[in-house]
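The values are calculated or read from the model by the stated rules, or taken from the named source; none is laboratory data. Predicted model only: the values in this text are computed from it and were never measured. Using ideal geometry, Cβ is built from the backbone for each residue, glycine included, and neighbour counts are taken over all protein chains shown. The accessibility values were calculated without ligands, DNA or RNA, using every heavy atom of the protein model including side chains. Shrake-Rupley method; radii C 1.70, N 1.55, O 1.52, S 1.80 Å.
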Amino acid sequence: MAAIFYIPPEHNRGESMASSDEQLKSELILDELKRRQRAKEIVDVEEEKVKVVIFVCGGNRYAFYGADIREILPSCEISWVPCLPGYLPGLINIRGDIESVIDISHFLGEEASGHKTCLIAMAVKGDFHSGIMIDSIEDVVDIPLSTVKPPLATLNGAVRDLVIGEIEHLGRTIALLDIGKLAGLIAL
Amino acid sequence: MNDLGETGLNLLLFSVGEVHFGIDSEQVAGINAFQGEDAGDLFWFHNEMGFGDATVTYLLPTVVTIRCPDEQPYRVIIDLMEDIREIATDSILPFPPLLEPFALRKGMWGVLLVEGKMVLLVDFMRILREKTAVSARHGGDE
């Protein structure tokens, strides 16, 4: 039996074989796959998020950066100390340590609750640490950093000195307060 | 100093207006029942400490005569003496930094936790020193 050999014509051989500077089909496919993979990776990269603690004080909602709040203490009894200014209602005992308490309503222009027992948010930022009296916790959420808007230039009232930005939560605009600014106000 | 090498402090514990206080018993020269007397060297504790607008009712007023280094007469009316107790100085907690400047101005220098109660430690020498400084300032203004 005679063997059959296929020998492509000379002119066809030049068209089907890629020249050295021409990309191979496999290279094209691989490049495309990698391009798609890179695009996917870009999509998959999570937007930087920040945790915020949304709380109620005097009927209004405010927020702190979650990183500045170490813990929330429920039903903490405040021991009154004479001669303190109105925004410092006294001391609390946290597992054998004593901490100061700030009545933040004083700085927000809200009505003071006047309760001897209340919810305390323990704030820690740098050397500053103190309990902060709040009415209730509304939510603790992770939000994209890009959604923190600068505070309105037209913002007025006592809250202006404490606000670092504004966030949207459940259709409401909430003032994001800065613990560092609060510490600065008290140090004055 | 006790066997553990800790420095002890003998405290006279009392309360005024439901706030618990402690003073070093070494500062106390005498304790007498309050007889309703009124004298220039006799002060109500709540006025000395700056209780502000808080209404204070004394249930068992007692006069404590403070031992002053320069024999200056200084007596304070306290309420509800509870105990005289030796405590280790290690158990005293300083005031938190936010409160300390205000507290020291009124002679309060530390806090002690006794059976879940917060006891504010008062140094009458600090109060006296502050009063003397204030009166000297006022004297200088005149």
Exercise. Filter region B:86-115 down to the residues that are small (Gly, Ala, Ser) and without any contact (Cβ under 8 Å) to a residue 40 or more places away in the chain, then identify the one that is surrounded by the fewest Cβ atoms within 10 Å (Cβ to Cβ).
Key: B:91
Practice problem: Considering only region B:54-76, state which residues are in contact (Cβ under 8 Å) with a residue 40 or more places away in the chain and aliphatic (A, V, I, L, M). | Solution: B:56, B:64, B:66, B:76
Self-check item: Of residues in region A:141-164 being in a strand (DSSP E or B) and within 21 Å of residue A:102 (Cα to Cα), the one most open to solvent (accessible area, probe 1.4 Å)
Solution: A:164
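Rundown of residues vs (1) more than 14 Å from every other protein chain (Cβ to nearest Cβ); (2) β-branched (Val, Ile, Thr); (3) over 17 Å from residue B:22 (Cβ atoms); (4) touching a helix residue (DSSP H, G or I) at 6+ places or on another chain (Cβ under 8 Å), yes/no style:
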{"position": "B:56", "(1), (2), (3), (4)": "no, yes, yes, yes"}
{"position": "B:73", "(1), (2), (3), (4)": "yes, no, yes, no"}
{"position": "B:89", "(1), (2), (3), (4)": "yes, yes, no, no"}
{"position": "B:103", "(1), (2), (3), (4)": "no, no, no, no"}
{"position": "B:108", "(1), (2), (3), (4)": "no, no, no, yes"}
{"position": "B:113", "(1), (2), (3), (4)": "no, no, no, yes"}
{"position": "B:127", "(1), (2), (3), (4)": "no, yes, no, yes"}
{"position": "B:137", "(1), (2), (3), (4)": "yes, no, yes, no"}
Self-check item: Filter result (open to solvent by 10 Å² or more (accessible area, probe 1.4 Å) and within 12 Å of another protein chain (Cβ to nearest Cβ)) within region B:116-125
Solution: B:116, B:117, B:118
Practice problem: Being touching a residue at least 40 places away in the same chain (Cβ under 8 Å) and of a type outside the set (Asp, Glu) is the filter here, so list the residues in region B:116-142 that pass it. | Solution: B:117, B:118, B:119, B:120, B:121, B:122, B:124, B:125, B:127, B:128
Quiz item: Considering only region A:89-100, how many residues are at the interface with chain B (Cβ under 9 Å from one of its Cβ atoms) and without any contact (Cβ under 8 Å) to a residue 24 or more places away in the chain?
Solution: 6
Practice problem: Within region A:71-88, work out how many residues are in a strand (DSSP E or B) and within 14 Å of chain B (Cβ to nearest Cβ). | Solution: 3
Quiz item: Counting just the residues of region B:57-85 that are of a type in the set (Val, Ile, Thr) and more than 22 Å from residue B:128 (Cα to Cα), which one comes out surrounded by the fewest Cβ atoms within 10 Å (Cβ to Cβ)?
Solution: B:57
Exercise. Check region A:134-141 and report whether any residue there is closer than 27 Å to residue A:75 by Cα, of a type in the set (Val, Ile, Thr) and touching a Ser or Thr at 6+ places or on another chain (Cβ under 7 Å).
Key: no
Quiz item: Quick one: how many residues across region A:101-129 are more than 11 Å from chain B (Cβ to nearest Cβ), part of a loop (DSSP other than H, G, I, E, B) and under 22 Å from residue B:20 (Cα atoms)?
Solution: 2
